[in-house]
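Student: Encoded as structure tokens, here's the structure I'll be asking about.
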Amino acid sequence: MANQQTKGEKLQKVLANAGFASRRVIEDWIEQGRITVNGEVATTGIRVIEQDQIVIDGKPFQFTTNLQKTRVIAYHKPVGEICSRDDPEGRKTIFAHLPPIQRGRWITIGRLDINTSGLLLLTTNGELANRLMHPSYEVEREYAVRVLGEVKAETLQVLKKGVMLEDGEASFNEIIDGGGEGANHWYHVILHEGRNREVRRLWEAVGCTVSRLSRVRFGQITLERTLKPGKWQDLPPRQIEALAKKVGIELQPEQIYQDHSHSRSARSTAGRSSKRRY
């Protein structure tokens with residue numbers, strides 16, 4: 001039986017903050033026996049300290065209580081890159097372009113598939129990432145979509161009312177006409193969740209073909225025109241604080257990372273659509 005000490009942090013909190021998964025998922029891992037502490041299978045409720053040896057699925061994890069400041073960067077993901085660290089097929093990964101960090105690791109706040117470009121937020125704070133991704137907090141995602149062919153008004157209404165997909169009903173909260181010429185027409189769509197390929201699947205469900213897709217906003221953070229594909233920039237402390245507050249996390253100034261040598265302010269445009277083409 002693993003040591004049930006009263007000091008230290010709960011194991012699921014430590015691993016969630018490190019970005020492995022949500023606390024609930026990690027509790028499931030503990031019940032499944034996937035985690036050991038000091039060579040023994042971890043049990044629910046166990047607390048850990050820096051000296052403990054934690055192993056997850058055979059891979060060691062070094063826990064440190066040193067203050068890890070919350071850092072958030074915006075990355076302009078190009079088409080052709082994946083959001084996984086390792087890929088058996090050898091495809092390009094977003095992590096090849098990110099700045100190194102001394103402790104912890106970069107955690108993606110939602111993902112974009114290989115054929116989708118645009119704004120991707122990453123953070124060092126696992127709890128912040130998990131909350132921003134959770135549907136209960138209703139954080140808006142906005143996408144610019146290029147659709148082939150004419151889309152009737154009735155079809156747009158169906159997309160807003162709701163379409164049954166294989167993993168449940170889905171809909172757009174808002175659809176904004178972005179114009180276009182010939183066979184291509186642009187729309188900006190807004191939704192409050194980030195299921196796998198949800199935007200593409202919604203359009204496909206009503207018989208429309210998406211020829212281009214880019215995320216242009218996540219919450220109050222928009223993709224800057226000056227941020228080129230394959231490049232990243234730090235979010236300023238005021239925007240990190242606002243993101244955290246949106247999901248019920250209070251961050252003090254000393255808990256937020258700021259690097260003046262790399263940071264460049266990203267404009268906050270909460271509640272405003274980013275009407276531009278990609």
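Student: Give me the one-decimal nm value for the distance between modelled label points at Ser211 and Gln53, 7 Å along each residue's Cα-to-Cβ direction.
Tutor: 5.9 nm
Student: Cut-off 14 Å, label point 7 angstrom out along Cα-to-Cβ of Phe61: give me the residues of the range 102-116 whose amide nitrogen falls inside.
Tutor: 104-107
Student: I would also like to ask the following. Within the range 88-103, find all residues whose amide N lies under 19 Å from a label point positioned 7 Å from the Cα of Arg34 along Cα-to-beta-carbon.
Tutor: Correct set: 88.
Student: On a straight-distance basis, which aspartates and glutamates could pair with Lys69 in a cross-link, Cα separation under 20 angstrom, same-chain partners fewer than 8 positions away excluded?
Tutor: Within reach: Glu9, Glu50, Glu127, Asp234, Glu241, Glu250, Glu254, Asp259.
Student: What is the spread of the Cα atoms of the chain along each of their three principal axes, largest first, in whole Å?
Tutor: Each principal axis gives a Cα extent; for the chain these are 66, 44, 38 Å.
Student: Sticking with this one: Collect residues whose amide H, placed 1.01 Å from N in the peptide plane, falls under 5 Å from the amide H of Gln53; neighbours closer than 5 in sequence don't count.
Tutor: When sequence neighbours closer than 5 places are left aside, the close amide H contacts are Asn38.
Student: List, in the order given, every pair from Lys10/Lys92; Lys13/Lys246; Lys7/Lys246; Lys152/Lys231; Lys13/Lys59 whose Cα-Cα distance in the structure shown is over 26 Å.
Tutor: Details: Lys10/Lys92 36 Å; Lys13/Lys246 20 Å; Lys7/Lys246 31 Å; Lys152/Lys231 37 Å; Lys13/Lys59 18 Å.
Long pairs (Cα-Cα over 26 Å): Lys10/Lys92; Lys7/Lys246; Lys152/Lys231.
Student: Still on this structure, please answer the following. Per q in 0.09, 0.10, 0.12, 0.14 1/Å, what log10 I(q)/I(0) does a Debye calculation on the alpha-carbon atoms of the range 96-244 return?
Tutor: Results for the range 96-244 at q = 0.09, 0.10, 0.12, 0.14 Å⁻¹ read -0.31, -0.38, -0.54, -0.72.
Student: Rounding to the nearest 10 and keeping the result within 0 to 90°, find how far the Cα-based axis of helix 237-246 lies from the longest principal axis of the chain.
Tutor: Result, in degrees: 90.
Student: Kindly provide the GluC sites (Glu not before Pro) of the range 13-109 that DSSP labels as loop, not H, G, I, E or B, and whose Cβ sees at most 12 other Cβ atoms within 10 Å. Intermediate values should be presented prior to the final figure.
Tutor: Values: sites: Glu27, Glu31, Glu40, Glu50, Glu81, Glu89; in loops: Glu50, Glu81, Glu89.
Answer by residue number: Glu50, Glu89.
Student: Before anything else, pin down the relative contact order of the range 70-278: Cα pairs under 8 Å, at least 6 apart, normalised by residue count, whole percent.
Tutor: Working: 409 pairs, mean separation 55.0, N = 209.
With pairs under 8 Å counted, the relative contact order is 26 percent.
Student: How far apart, in nm, are two points set 7 Å out from the Cα along the Cα-to-Cβ line at Glu9 and at Arg238?
Tutor: Label-label distance for Glu9 and Arg238, simple model: 3.0 nm.
Student: Another question about this same structure. Using the Cα centre as the reference, give the magnitude of the dipole from point charges on the C-beta atoms of the range 9-61 (Lys, Arg: +1; Asp, Glu: -1; all else neutral), rounded to the nearest 20 debye. Could you put the intermediate results ahead of the total?
Tutor: Numbers: 7 positive and 8 negative charges, 34 e Å.
Once rounded to the nearest 20, the dipole reads 160 debye.
Student: Given a Förster radius of 35 Å and the C-beta distance between Asn173 and Arg91 as r, what FRET efficiency does 1/(1 + (r/R0)^6) yield to the nearest 0.05? Spell out each step's value before the answer.
Tutor: On the way: r = 32 Å, r/R0 = 0.92.
That gives a FRET efficiency of 0.65.
Student: Applying 1/(1 + (r/R0)^6) with R0 = 35 Å to the Cβ-Cβ distance of Val41 and Arg197, what FRET efficiency is obtained, to the nearest 0.05?
Tutor: E(calc), rounded to 0.05, equals 0.45.
Student: If you find the alpha carbon centre of the range 138-192 and of the range 194-266, how far apart are they in angstrom?
Tutor: If you average the Cα positions of each part, the centres end up 20 Å apart.
Student: Arg225 versus Leu148, label points 7 Å from Cα toward the beta carbon: distance in nm?
Tutor: 3.0 nm
Student: Provide the packing ranking of 164-173, 193-202, i.e. peptides ordered by the mean count of other C-beta atoms within 10 Å per residue, highest first.
Tutor: Details: 164-173: 12.9, 193-202: 17.2.
Going by the mean number of other Cβ atoms within 10 Å, highest first, we get 193-202, 164-173.
Student: Once you have the alpha carbon radius of gyration of the range 9-61, what is it after dividing by 2.2 N^0.38 Å, with N set to its residue count?
Tutor: Values: Rg = 9.5 Å, N = 53, 2.2 N^0.38 = 9.9 Å.
It is 0.96.
Every number here is computed from the coordinates shown, using simple stated rules; none is lab data. The shown structure was predicted, so the numbers you read here are calculated from the model rather than taken from an experiment. Ideal geometry is used to build each Cβ from the backbone, glycine not excepted, and the neighbour counts take in all protein chains shown.
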